[in-house]
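Colleague: Before I ask anything, let me first share the structure, which is written out below as structure tokens.
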Amino acid sequence: MSPSAARPVRLLGREVGPGAARALPLALITLAYSALTGWWLWPLPRHLSDHLVHPPGTATPFISADLHLITWALAWDTHALLTAPLSLFDANIFHPAPTSLAFSEHFLGYVPLFAPFYLLTGNAVLASNAVVFLTFPLCALATYALARRFVPPPAAFVAGMLFAFHAQRYVNLYHLHQLGTFYVPLALLFTERWLERARRRDAIALAVVVALQLLCSFYLAYAIVLFYAAYLPLALWRWRAAIDRRRLLGLGVALVAAGVPMLLASLPYIELQRLGLVPSGRSAMVDLALEPFVTMRRVRSYLTGGGVGRVGYLLAALALVLGWRGGAYPRVLGVAACVVGLVLAGGPSLAIGRTELWSPYDLLFRWLPGFSAVRLPFRFLVLTQLGFALLAALGLHQVLRLLPRTLGWPAALATAGLVLALAPERAPHTLHVQPSPDTLAPAYRWLMEHGEGGALLELPVAAPAVAGRRMLLSTYHWLPILDGYSAYPPLTRRYLVPMLQKLPREPALQELVDAVDVRWILVHLDEMSEEQRAEWRDDFFPGMELVERWGNDALYEVDLPVTIDRRAQILRTDQTLGGLPLARIEGPCPGRLTAELLVDRPLRPRERVQVRVEVENRSPHAWPGLGLYPRHLVQLRTRFVSHGSKRVGLPRTSPIWSDVPAQHAIETVVELVAPPLAGDFTLELELVQDGESLGRCGLEPTRLEATVGAGPADAPELEAS
């Protein structure tokens, strides 16, 4: 170090060392980003401990359920990693189903941010909001650090602001697992530093940030993997003069080490796919979401109403016109991020006007494990936002070069303010009150102190929003609960619901106790109909003893002995509940399928309607139908088709809840949801096994005619249950 480099610097009238001189501006930048975050999230910073942000109204029950699911999962991750890390995926929801954490994402990459707040306060809501808050300055600082390799601090500050504060992040706070994108620019930064200097700490940092990004969300995992695959050849070409065996080997070791935690965390999902509980291929829902009119609409909306705004686009265009001499690499990097994000967001077919361009999306469907389940490709626009942010910083740098150096920061702050001022108007955040340690209901406090690990059933059977809230409340007592909400709920849940709806009658309780080891039943009278409340007004029921009443909450302890023990049977993955082996039907399967709508009037839009189905098996072999693991299970697939041959609604698969003996017939009733539009329809019904129609071996589908009349829509609140 030269003498001049070690000379003290005067700041605010005092002499400080060069390290402090560098740290002070960074501290001010961090403070600025944090202050901007407070304004961006307002009024959430006033209510961090007892409110969550999600859209208003009752028309979006799945949004609040998703937010509760994510908050619960982060709390469970923290709790399990500290108490029983080897049982991490055997979460407390959907009891007695094993591996229940894997029915949704695990979000493990956010635990380092979530855990300190949760462990200090015991408040999962506060910790979840802390994660939301921190993702904004962290995204901004990570992009600032990456941009500093190419531009001075004022321009880099604007890059960080553009990447962290934009419309898509503003409206998506309730899907907080999509907010932790700060690891992407950090991965690029540490790759650049490793290839430049080959310092061990940069390789370790690269492995850590890539591993954490892979563990944040499957969407973000695919985003970083796909962009890194496009970026790495550019980086290797840029540093080709410095590339040696040490750099290549260190890079490979870092990336492999980063992938190991993701691989281990994926094993439970692979097992659930094998059992048919989590889809392993493309579905009708995915195909519908990937239609060009859906994907390109989101892309156009992003480019015109979101993104980096008019000022950002102007600066990015300026970067593409000026500064290529000596600055080609960061421009190519920014363009690559924009292109990769736009191509992925466009889905399998890039529709520009009436022209459809080829996309590599179909290749990813075929060759990238799990990618076929991606149904919201617009989330890959995070890469495009990073690319535009870098290009805008490069363009701003060209402008700042024309100004006196003392005007650099004022011009950058004015640019940031102009971007925010010209952005589309943002709707105010809507806050929803949540339980906190100070407002926890007495029933849950009692369970915290006296639950003794016994499984808890809460009644009445809940819609998704309420089920999600019960999951959040379980973070205070951590008892196994029969309730739950997830993207792919287990069939155990649907199997138990008919029993739960018949409680407190003793035959239903006996059937439940024989199937599940439940100890506590918490009844919420204020959530019940008058008829249901009348059934639960007594203090004592056969097989249950009242523990205590707290207003509308009544807690019972189950003391009914098991008579026919089926608790192990419902967890068997090799046979049905009737003992029939779960195996693929081989050979001919002749039979007959008939159906009857149990409604003799026109249906209402989205009305729940029951259909009586008779399945006749004329083959010499029984068909497995009474099981809780879909692999090899015979199920009923239904679909409403309009008479104009335009399909509306997606195929729906339902259990038939009965094995079908050879040379016998069974009858079952399934519940469907009517189409959302009025008109004449054909209801198609067929039996399937592993997604393949039994028409392949001789059991033909059947059809019913149905009319949907104009009228108020019935919201299918229990669809996810």
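Colleague: Quick one: in the stretch 54-81, of everything that is hydrophobic (A, V, I, L, M, F, W, C) and surrounded by fewer than 19 Cβ atoms within 10 Å (Cβ to Cβ), which residue is farthest from Ile481 (Cα to Cα)?
Modeller: Ala59
Colleague: Can you name the residue in the stretch 143-178 that is under 18 Å from the mean Cα position of the chain (by Cα) and closer than 17 Å to Gly387 by Cα and, of all such residues, is surrounded by the most Cβ atoms within 10 Å (Cβ to Cβ)?
Modeller: Just the residues of the stretch 143-178 that are under 18 Å from the mean Cα position of the chain (by Cα), to begin with: 168-178.
From what's left, closer than 17 Å to Gly387 by Cα: 168-169.
Numbers: Gln168: 18, Arg169: 20.
Applying the filter and picking the extreme gives Arg169.
Colleague: Out of everything in the stretch 498-520 that is aliphatic (A, V, I, L, M) and in contact (Cβ under 8 Å) with a residue 60 or more places away in the chain, what residue ends up being farthest from Glu458 (Cα to Cα)?
Modeller: Per the criteria, the residue is Val516.
Colleague: I need a count of the residues in the stretch 591-610 that are of a type in the set (A, V, I, L, M) and free of Cβ contacts under 8 Å to residues at least 60 places away in the same chain.
Modeller: Of the residues in the stretch 591-610, 1 are of a type in the set (A, V, I, L, M) and free of Cβ contacts under 8 Å to residues at least 60 places away in the same chain.
Colleague: Let me ask something else about it. May I ask you to verify whether Gly307 is of a type outside the set (A, V, I, L, M, F, W, C), assigned to a loop (DSSP other than H, G, I, E, B), at pLDDT below 85 and farther than 26 Å from Trp367 by Cβ?
Modeller: For Gly307, the condition - of a type outside the set (A, V, I, L, M, F, W, C), assigned to a loop (DSSP other than H, G, I, E, B), at pLDDT below 85 and farther than 26 Å from Trp367 by Cβ - is not met.
Colleague: With respect to Arg297, determine if the residue is assigned to a helix (DSSP H, G or I), charged (D, E, K, R) and within 24 Å of Arg426 (Cα to Cα).
Modeller: On the way: assigned to a helix (DSSP H, G or I): yes; charged (D, E, K, R): yes; within 24 Å of Arg426 (Cα to Cα): yes.
Yes.
Colleague: Under 8 Å between Cβ atoms, at least 6 apart or on separate chains: pull out the pairs that start in the stretch 695-721 with a residue that is more than 15 Å from Val634 (Cβ to Cβ) and end on any residue that is at pLDDT below 75.
Modeller: Final answer for the pair search is Ala715/Ala59; Glu717/Pro61.
Colleague: Residue by residue through the stretch 321-337, note down the ones that are in contact with a helix residue (DSSP H, G or I) (Cβ under 7 Å, 6 or more places away or on another chain), at negative phi and surrounded by fewer than 20 Cβ atoms within 10 Å (Cβ to Cβ).
Modeller: Going through the stretch 321-337, the residues in contact with a helix residue (DSSP H, G or I) (Cβ under 7 Å, 6 or more places away or on another chain) turn out to be 322-324, 327, 329-337.
After this cut, where a residue has to be at negative phi as well, the list is 322, 324, 327, 329-337.
Scanning the stretch 321-337 gives Leu322, Trp324, Gly327, Tyr329, Val332, Val335, Ala336.
Colleague: Can you say whether Pro45 is at pLDDT 95 or above, part of a helix (DSSP H, G or I) and out of contact with any Asp or Glu (no Cβ under 8 Å at 6 or more places or on another chain), as far as the supplied structure shows?
Modeller: When the stated conditions are applied, Pro45 passes them.
Colleague: Taking interchain pairs and intrachain pairs at least six residues apart, which have beta carbon atoms under 7 angstrom, with the first residue in the stretch 376-403 and closer than 14 Å to Val151 by Cβ and in contact (Cβ under 8 Å) with a residue 12 or more places away in the chain and the second assigned to a loop (DSSP other than H, G, I, E, B) and of a type in the set (Val, Ile, Thr)?
Modeller: Within 7 Å, the pairs are Ala389/Val308; Ala392/Val308; Ala393/Val151; Leu394/Val151; His397/Val151.
Colleague: Is there any pair with a first residue in the stretch 521-532 that is hydrophobic (A, V, I, L, M, F, W, C) and a second that is in a helix (DSSP H, G or I) whose Cβ atoms are under 7 Å apart and which are 6 or more apart or on different chains, and what are they?
Modeller: Final answer for the pair search is Leu522/Ala443; Leu525/Arg533.
Colleague: In the stretch 154-194, what residues are of a type outside the set (A, V, I, L, M, F, W, C), over 14 Å from Ile224 (Cα atoms) and touching a residue at least 24 places away in the same chain (Cβ under 8 Å)?
Modeller: Correct list: Pro154, Gly160, His166, Gln168, Arg169, Tyr170, Tyr174, His175, His177, Glu192.
Colleague: For the stretch 661-670, which residues satisfy the criterion of being surrounded by fewer than 17 Cβ atoms within 10 Å (Cβ to Cβ) and of a type in the set (A, V, I, L, M)? Break it down stepwise before answering.
Modeller: Step one: list which residues in the stretch 661-670 are surrounded by fewer than 17 Cβ atoms within 10 Å (Cβ to Cβ), which gives 661-665, 667, 669.
Passing the criteria: Ala662, Ala665, Val669.
Colleague: Residue by residue through the stretch 340-359, note down the ones that are free of Cβ contacts under 8 Å to residues at least 60 places away in the same chain and surrounded by 13 or more Cβ atoms within 10 Å (Cβ to Cβ).
Modeller: Listed by number, the residues that qualify are Leu342, Val343, Ala345, Gly346, Gly347, Pro348, Ser349, Leu350, Ala351, Ser359.
Colleague: Is it true that some residue in the stretch 82-92 is surrounded by fewer than 19 Cβ atoms within 10 Å (Cβ to Cβ), of a type in the set (D, E, K, R) and out of contact with any helix residue (DSSP H, G or I) (no Cβ under 6 Å at 6 or more places or on another chain)?
Modeller: Yes, the conditions are met somewhere in the stretch 82-92.
Colleague: Given the options Leu582, Leu593, Leu598, Leu603, name the one that is of a type in the set (A, V, I, L, M) and within 22 Å of Arg493 (Cβ to Cβ).
Modeller: On inspection, the qualifying residue turns out to be Leu582.
Colleague: If you take the residues in the stretch 454-468 that are modelled with pLDDT of 95 or more and more than 17 Å from Asn552 (Cα to Cα), which one is surrounded by the most Cβ atoms within 10 Å (Cβ to Cβ)?
Modeller: The residue in question is Leu456.
Colleague: Another one. What number of residues in the stretch 568-604 are within 37 Å of the chain's Cα centre (by Cα), surrounded by fewer than 14 Cβ atoms within 10 Å (Cβ to Cβ) and part of a strand (DSSP E or B)?
Modeller: Of the residues in that region, 1 qualify.
Colleague: Looking only at the stretch 128-143, which residues are out of contact with any Leu (no Cβ under 7 Å at 6 or more places or on another chain) and without any contact (Cβ under 8 Å) to a residue 60 or more places away in the chain?
Modeller: The answer is Leu138, Cys139.
Colleague: Now a separate question. Examine the stretch 384-400 for a residue that is in contact with a His (Cβ under 7 Å, 6 or more places away or on another chain) and assigned to a helix (DSSP H, G or I), and state whether such a residue exists.
Modeller: The answer is yes, given that some residue of the stretch 384-400 is in contact with a His (Cβ under 7 Å, 6 or more places away or on another chain) and assigned to a helix (DSSP H, G or I).
Colleague: Can I ask one more? Just one of Ser104, Ser128 is buried (at least 21 other Cβ atoms within 10 Å of the Cβ), modelled with pLDDT of 95 or more, among the small types (Gly, Ala, Ser) and under 17 Å from the mean Cα position of the chain (by Cα); which is it?
Modeller: Ser128
Colleague: Could you tell me how many of the residues in the stretch 439-451 are loosely packed, with under 14 Cβ neighbours inside 10 Å, over 29 Å from the mean Cα position of the chain (by Cα) and touching a residue at least 24 places away in the same chain (Cβ under 8 Å)?
Modeller: Result for the stretch 439-451: 1.
Colleague: I'm trying to understand the selection: among the residues of the stretch 431-489, which are hydroxyl-bearing (Ser, Thr, Tyr) and either out of contact with any helix residue (DSSP H, G or I) (no Cβ under 9 Å at 6 or more places or on another chain) or not in a loop (DSSP other than H, G, I, E, B) (or both)?
Modeller: Thr439, Tyr444, Ser474, Thr475, Tyr476 - these are the residues of the stretch 431-489 that are hydroxyl-bearing (Ser, Thr, Tyr) and either out of contact with any helix residue (DSSP H, G or I) (no Cβ under 9 Å at 6 or more places or on another chain) or not in a loop (DSSP other than H, G, I, E, B) (or both).
Colleague: Would you point out which residue out of Ser654, Ser658 is under 27 Å from Arg566 (Cα atoms), surrounded by fewer than 19 Cβ atoms within 10 Å (Cβ to Cβ) and free of Cβ contacts under 8 Å to residues at least 24 places away in the same chain?
Modeller: One residue alone meets the criteria, Ser654.
Colleague: Does Pro268 satisfy the condition of being in contact (Cβ under 8 Å) with a residue 60 or more places away in the chain, over 20 Å from Val382 (Cβ atoms) and surrounded by 20 or more Cβ atoms within 10 Å (Cβ to Cβ)?
Modeller: So Pro268 fits the description; yes.
The values are calculated or read from the model by the stated rules, or taken from the named source; none is laboratory data. Remember, it's a predicted structure, so these values are computed and weren't measured experimentally. Don't worry about glycine lacking a Cβ; one is built from the backbone with ideal geometry, like all the others, and counts go over all protein chains shown.
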